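Trainee: Sharing a structure, written as structure tokens. Questions coming.
Read-outs throughout are calculated quantities, based only on the coordinates presented, and are distinct from any laboratory measurement. Here the structure is a predicted model, which is why all the values come from computation and not from measurement. With ideal geometry, Cβ positions are generated from the backbone for all residues, glycine too; neighbour counts draw on all protein chains shown.
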Amino acid sequence: MMWNSMRSFAAVLGVIIAMTAVSTSPAQAAAEERLIAHYHSKSGCLDAGARGKRQGKWATYRCLPSWDGPGPWGLWVS
């Protein structure tokens, strides 16, 4: 009976390790990208992103629809 409990423990541990490895990648990606500000227009967001990139404040930027901020567009940078 002990062998079955050890196999179950090993299986559960394997699942935990696999889930941790999978969940680490998105968390690391999120840590590298940050929200800078919200804008009322997509063009305003893109302009601010391009200006910051030219000034060397960030390497890349994205303007994504925002549902929880004061403006409908969020500027995300990395």
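Trainee: Determine the pairs where a residue that is farther than 11 Å from residue 75 by Cα, located within segment 45-61, has a partner that is of a type in the set (A, V, I, L, M, F, W, C) and surrounded by 11 or more Cβ atoms within 10 Å (Cβ to Cβ) with Cβ atoms under 7 Å apart, the partner being 6 or more residues away or on another chain.
Mentor: 58/77
Trainee: Which count do you get for residues in segment 64-78 that are exposed (fewer than 12 other Cβ atoms within 10 Å of the Cβ), part of a strand (DSSP E or B) and touching a residue at least 24 places away in the same chain (Cβ under 8 Å)?
Mentor: Residues meeting the conditions: 0.
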